[in-house]
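Novice: This is the structure I have questions about; it appears just below.
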Amino acid sequence: MTMPTEDPLLDLDVPQPALLFDLDGTLVDSVYQHVTAWQEALAEVGIPLSVWRIHRRIGMSGGLFLHALQRETGVHLDDERLERVKQAHAEAYLRRADTVVPLPGARELLHHLYGRKVPFAIATSGARLTAQTAIDMFDLADDVPVVTRDLVERAKPDPHLFLAAAHLLGVRPQHCFVVGDSVWDLLAAQRAGALGIGLLSGGYGREELERAGAYRVYADPEEMLSRLEEVGVRP
């Protein structure tokens, strides 16, 4: 039997994977600042809510969060009060912003990827107003794309943030890994056609993240950095 001398499959140009990072709970330890900011904002319009109920919605679009909240509590918020709550949340979060720090290994992970010329971007459901102080902690190069809620029509669990980030990198979504800490990140990743990587640093459990589509789950960015070969980033 004569074996072919050339295998056309060996000539396929498969790009190295790109990484699309969520921000809150994934790169910075800010989930509980957002939770308490939402709790304070909701209390201002007469809606007392336990922090655990708020936490389950962190990572999704603020508009969807407030819609779900109205359904669950039976309290209707008109457009004016909805805007008041969103603004109050932003103000309450910014008052806590100086307590937010990078998660272990986050800075080192991003700078390692940049040094190895691995394409990556940040895509967050937060508005630029609240996200900027966290983004500034990493001293990212100007050519690292950052997509915030202000730039897309819909946020998570819709895929728009990750699709926009992949577009800015010039990479097809199916060649991307989405790194996030919430089920909303991973649902959005699936809808974008990307593989999902879960981090436990936002408070969701391993099984929850795996059920939402995480193909790998790490404790935090530090552990992910130590095992990058599992997501196709070669040493």
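Novice: So what are the three principal axis dimensions of segment 32-99 from its Cα atoms, in whole Å, longest to shortest?
Specialist: If we take the Cα atoms of segment 32-99, the spans are 34, 24, 20 Å.
Novice: Here is a further query. Would you compute, from DSSP H runs of 4+ residues alone, the mean residue ellipticity of the chain at 222 nm, taking -39500 (n - 2.57) per run and dividing by the full residue count, rounded to the nearest 500?
Specialist: -12500 deg cm²/dmol
Novice: Just want to confirm a number: the relative contact order over the chain, from Cα pairs under 8 angstrom separated by 6+ residues, in percent.
Specialist: Dividing the mean separation by the residue count of the chain yields 25 percent.
Novice: Determine the relative contact order of segment 178-218: mean sequence separation of Cα pairs under 8 Å and six or more apart, normalised by residue count, in whole percent.
Specialist: Here the relative contact order equals 42 percent.
Novice: Write down the percent of antiparallel bridges among all DSSP beta bridges whose residues are both part of the chain, to the nearest 5. Write out the running numbers ahead of the final one.
Specialist: Working: 1 of 20 bridges.
Of those bridges, close to 5 percent are antiparallel.
Novice: Follow-up. Could you work out how far the C-alpha centroid of segment 188-235 sits from that of segment 135-160, in angstrom?
Specialist: 18
Novice: If we sort 95-102, 181-188 on the protection proxy, mean other Cβ atoms within 10 Å, highest first, what's the order?
Specialist: Those peptides, ordered most packed to least, come out 181-188, 95-102.
Novice: Right, here's the next one. As I understand it, the dipole of the chain uses +1 on the Cβ of Lys and Arg and -1 on the Cβ of Asp and Glu, about the Cα centre. Which of 120, 97, 157 lies farthest toward its positive end?
Specialist: About the Cα centre, the residue reaching furthest to the positive side is 157.
Novice: List every residue whose amide H lies under 5 Å from the amide H of residue 16, counting only residues 5 or more places away in sequence or on a different chain, with H placed 1.01 Å from N in the peptide plane.
Specialist: For residue 16, whose amide H was placed from the backbone, there are no distant partners under 5 Å.
Novice: With +1 on each Lys and Arg Cβ and -1 on each Asp and Glu Cβ, and nothing else charged, work out how big the dipole of the chain is about its Cα centre, in Debye to the nearest 20.
Specialist: Using only the charged Cβ atoms, the result is roughly 460 debye.
Novice: Determine, for 109, 66, the number of other Cβ atoms within 10 Å of each Cβ, and report the residues in order from fewest to most.
Specialist: If I rank by nearby Cβ atoms, fewest first, I get 66, 109.
Novice: Turning to a different aspect of this structure: Please work out whether segment 83-220 counts as rounded, prolate or oblate from its C-alpha gyration tensor, where a ≥ b ≥ c are the square roots of the eigenvalues and a/c under 1.5 means rounded, while otherwise a/b larger than b/c means prolate and anything else oblate?
Specialist: Cα axes put segment 83-220 in the rounded bin.
Bear in mind these aren't lab numbers, they're just calculated from the coordinates by the rules spelled out. For clarity, every value in this text was computed on a predicted model and none was experimentally measured. Neighbour counts run over all protein chains shown; Cβ positions are idealised from the backbone, glycine included.
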